[in-house]
Every structure is written in structure tokens, then in C-alpha cells.
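The values are calculated or read from the model by the stated rules, or taken from the named source; none is laboratory data. Bear in mind the structure is a predicted one, so any value in this text is a computation, not a measurement. Here the Cβ is made from the backbone with ideal geometry for all residues, glycine too, and neighbour counts use every protein chain on show.
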Amino acid sequence: MTPLDWLIIGAYFLIIVAIVWWSSKKQNTSTDYFLAGRDVGWFAVGASLFASNIGSEHIVGLAGSGAANGMAQAHWELHAWIMIMLAWVFVPFYYRAGVFTMPEFLEKRFDARSRWVLSIVSLIAYVLTKVSVTVYAGALVFRTLLPDTFGTPDNAFWVGAFVTVVLTGIYTVFGGLRAVVYTEVMQTGLLLLGSVFITFFGLSQLGGWGELKMVLAENADQFALWRPNSDPNFPWLGVMIASPIIGIWYWCTDQYIVQRTLSARSLKDARRGAIWGGFLKVWPVFIFLVPGMIGYALQQKGLLPIPTTADGNVVGDMVFPTMVANLLPVGLRGLVVGGLLSALMSSLASLFNSCATLFTVDIYEKLRPGKAEKTLVKVGRIATSVVVFFGLLWIPIMKRISEGNTGLYDYLQNVQGFLAPPITAVFLLGIFSKRITSQGAFYGLVIGFVLGMFKLTVQTMTQSGAIDPGTMLGAIGAFNGYYFSGVLFLISVLLIVGLSFMGEPEDEGRIQGLTFGSVTAEQKAENRASWGWKEVAGTVVVLGLVLGIYIYFSVWL
């Protein structure tokens, strides 16, 4: 890192300070703080959706996955089609309900019990997965790029982790969602630009796209998009079952993501923003996965010193930081490090604000109703600070988990695969059928969550050797996690439907407008007025891109 690199990073932070200062002037009500006054345009909504999703765990973990597993995890990055579902299926119901949070929507559709369950599960999951994984990935970058700046590489790791968490916490506390959204508009451009440079310089040093394909073709099975069902890690059927379940949960029902569409100034802006976000979501395959494969090819040709394990495999999570440190010229290195900081901070900021919203709206306001708006904003800021604190506490634990795992991205998808199925089932069934009852939703969520956590615990213990794989518990632990996601989703659906049909239907007046079967003619007309040919054209473009990428990478090696 040269003085010019540091100057570029400093300029980036000055812009963030200016945005936070401007945002802090507009925090008079809870709507201002948690939903940016519901006045965000479609372009900012889409950019915020993308930047919230693309954290440092994505850049570091996905590039690592590209180097180790090729295109196997591209299925998760082609979820742009699920963002189209968010735009056309889910957003109208959320926006019409006028809610702050996803648990609040569940209470309107079902009852308070489901709201409590989803609030608590979401908060626990955020601290244990999103906060910890994002911070660990960012700290890894610091350790690689600044190994001697703070004395030792380990010192650089801890300084990077703590400084970024604290700084992000400060700007989220003071700026609210408005600061989060508008910094993410800038960060989206920086993320895309930085990763494009990595791809360009990597391919230039390697000798072009043809050379990349030639190197990868020597181990075509390792880098293929589709793996046989006998593959222990990425059987194609298991992937195609699990990835949509995780994707619908993440993109269509998770507070962390959906909160951006709730902040839109109109239903048209919310829908258009989701479609724009879907267009942006197509590109991580090329700007994160492909650089990982380029890194692998450079290492194979002796052109890049990526660390390897004892058995000679590339250390996946070190691929992207090593490429930044070795391939980029002065100045550009600062720009890309700025992009990595953007990724880390935008994801953390989104997460902190979502946690504060969940706690304040779904827990504090339920326990202490009728509090003044300024009190709710103050509680939101305190809640953000508490999440920052717990995120810091979890860093050393996350460090141990990640270093003993197959990679950040794989760890993240596994955990999400055990959390997502019951939530996905409740939202899909709840919106598509007015016959689903609060009883079915509540027990489906609770039992599904318990089964998912049981599988996660047993799997972790089996992998660590605490449980013998030859026992019944060991067999459950060794059962492929992606197939288990499908099994858990099926169990959740059967539970929800079975318990719902055993009881009386919900009062139709209470759930009016919250399911397809209860939308009024006036609401249908309002929905139709919110889209036109531009939204349809955008949808066709996004779906066409997804299909084209699938076709190309199915036969590319």
C-alpha cells in the first residue's frame, strides 16, 4: 500500500462522513431512521439491494469458491430470477401492508406468536452468521494486504476486524437507513469497478479467456457448473433443491434485504428497484467467481503465490486478497481495497440497521407500546450498538470455525440452508393460500427451526469427530446439507398445511389484501397501475441474462 492508495481510501471515508452528516439531520421519526422516510427512489433501492448482498464474505468467499469448486456455487449467484419474484409476487403485499419488518407482516397475516418466533430467530441468525462471517472476511483482507503495518499479520487481522466494525457501527447509529442506502449507491459502483479491474489484470497476466479455459479443462469436473449426484459436496439435484429455498428466504422474506424495498417512495419504485437489483445481481459470476478461477489458473502456472494446504490445494479464502496484493498497480490497489471496505461496511451497516429495526419494532414496541418517536429512534441506536458489541465478541469464535471449515461461502450456505426452509414455506403458503392459519404457521416455524438447529449441531459434531459417522446420529450429520434443506422444506410444508386444515379458516376480513385470494378489485387496480412496459422489459432482460449464463457455462469446458 503506497501513499496514493491510502489517499484514495481516505477520500472514500470523507465521502461517507459527508453522507452520514447529511443523513443524521433527517432522523426525527422512526420512519426516518428505520425506513429512510419511505422516500427512496428505485435506482437507490436496487443499488442498496445489491450492495447489501455483496459483502466481503462474498468477494473473499466466492472468489475462494471459484478457485476451489469452479462454477458449482454459481447457482446461488444466479438468483436474479428470484429478485424478479420479489418484484412481482412479494413486494405488492409488503408495500400494501405498510409494515416496517417481515415479522410484523407475519403478525398481520397470522398472529403475534409467529412474529415473535421470526424476530428472535432472525436476530440470533444475524449475529451468528452475517455479522461474524462478514467481519472475518474483511479482517482476512487486512491480514493479507497489511501484514507488517501493525507489527504482525495477526495484529493486522484484529485491527481490521475491530476498526471496521466500530466505524460501521458509528455511521449506522447516527445515519440510520438513509445513510446506509445512499452510501451503498456509491459502494455499488466501487464494488463493480474494483472487481472488473481484478478480472482484467488477472486475464491479461494469464493470457486471455482461452488460456483460462485450457488450464481449467485439465480438471473439468472440478470447475463444471453441474456436478453428478454422486458428488459429496455439490450434487446437482441437491443444489437445485436447496438454492431456490435459500434464495426465496433471503431475497423475498429476510428483513436484511426486503427492508430496502419497504423504504421506496412508491410501489412502482419498490418493484422497479427490485428488478434493477436483479440486473446487478447477474454480474457476481463474472466479477467474483471468475476471478477466483483466474487466481487458480495463475497459481497453477506459477504466476501467483497463493498459499496452499498440506495436500497441495489452494487456500480458497486467500485467493482474492493475494490477487489484489500482487496484480494491481499503485492507485488501483487503493481503489479495490476501498471496494472491499465498501463491501464489508455496506453489508454490516445494512445488518446493523435491520437488527435495530427488528428489535425496536418487533420486540421493544410490543413490550412498551405508545412510546414517543424520538424514544424509538434512541432505542434503535442503542440496539445497533448492542449488535456491534456482540458481533465483536463473536469474531474469535468465527475465526476458529472458518479456519476449520471448507470455506466461508460454503459455511454460510450450509447454515442458511438449515434456517431457510420453514421461513420460506410459511411466507409462500401464507401469501398464496388464505386457508393457511396462524396455528399452522407458528408450529411450522418452531418445529422447522428446531429440526434445522438439530441438524446443524449434529453435522458440526460429526465433522469434528465428536460423533461416530457409523452411528444413526452420525448418518444424520453426514447426510448432504443441500438435500436436507429439501427434506426440511417438505416437512415444514406438510406441517403447516396439515395443521391449518385441522383448524378453522382465518377471518377473511382480517387478512384482506394479504393473500392472492383476498385482494380486492381496488387493490388489483392499484397494483396494475404500478407497472408498465419498462418493468416488463427489465424483467425479460434479467431472465434472458440468467438463461444465457446457464446455457454458456453448462458447455464451456
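Based on this model, can you work out whether residue 134 counts as more than 30 Å from residue 41 (Cβ to Cβ) and at pLDDT below 75?
Values: more than 30 Å from residue 41 (Cβ to Cβ): no; at pLDDT below 75: yes.
No; evaluated as a whole, the condition is false for this residue.
With respect to the conditions (1) among the small types (Gly, Ala, Ser); (2) modelled with pLDDT of 75 or more; (3) not assigned by TED's automatic domain parsing to the domain that holds residue 548, residue 23 lacks only one, and its number is (2).
Among the candidates 84, 16, the residue that is touching a helix residue (DSSP H, G or I) at 6+ places or on another chain (Cβ under 7 Å), at pLDDT 80 or above and β-branched (Val, Ile, Thr) is uniquely 84. Of the helices (runs of 4 or more DSSP H) that lie entirely inside segment 163-264, those containing 2 or more residues that are touching a Lys or Arg at 6+ places or on another chain (Cβ under 9 Å) and modelled with pLDDT of 75 or more span 209-217, 236-248, 255-262. Using the structure shown, decide if residue 271 is surrounded by 24 or more Cβ atoms within 10 Å (Cβ to Cβ), at pLDDT 85 or above and among the basic types (Lys, Arg). So residue 271 fits the description; yes. Scanning segment 52-98 for residues that are more than 30 Å from residue 515 (Cα to Cα) and in a helix (DSSP H, G or I) yields a total of 15.
Could you run through segment 276-299 and say how many residues are of a type outside the set (Gly, Ala, Ser) and more than 17 Å from the chain's Cα centre (by Cα)? Before the answer, list the steps.
Filtering segment 276-299 for residues of a type outside the set (Gly, Ala, Ser) gives 276, 279-291, 293-294, 296, 298-299.
If we keep only those that are more than 17 Å from the chain's Cα centre (by Cα) too, we end up with 286, 290-291, 293-294, 296, 298-299.
The qualifying residues number 8.
Taking residue 471 as the residue in question, decide whether it is more than 24 Å from residue 75 (Cα to Cα) and of a type in the set (S, T, N, Q). Yes: the conditions hold for residue 471. The listed residues are 148, 154, and the only one of them that is modelled with pLDDT of 75 or more, assigned by TED's automatic domain parsing to the domain that holds residue 355, surrounded by fewer than 17 Cβ atoms within 10 Å (Cβ to Cβ) and acidic (Asp, Glu) turns out to be 154.
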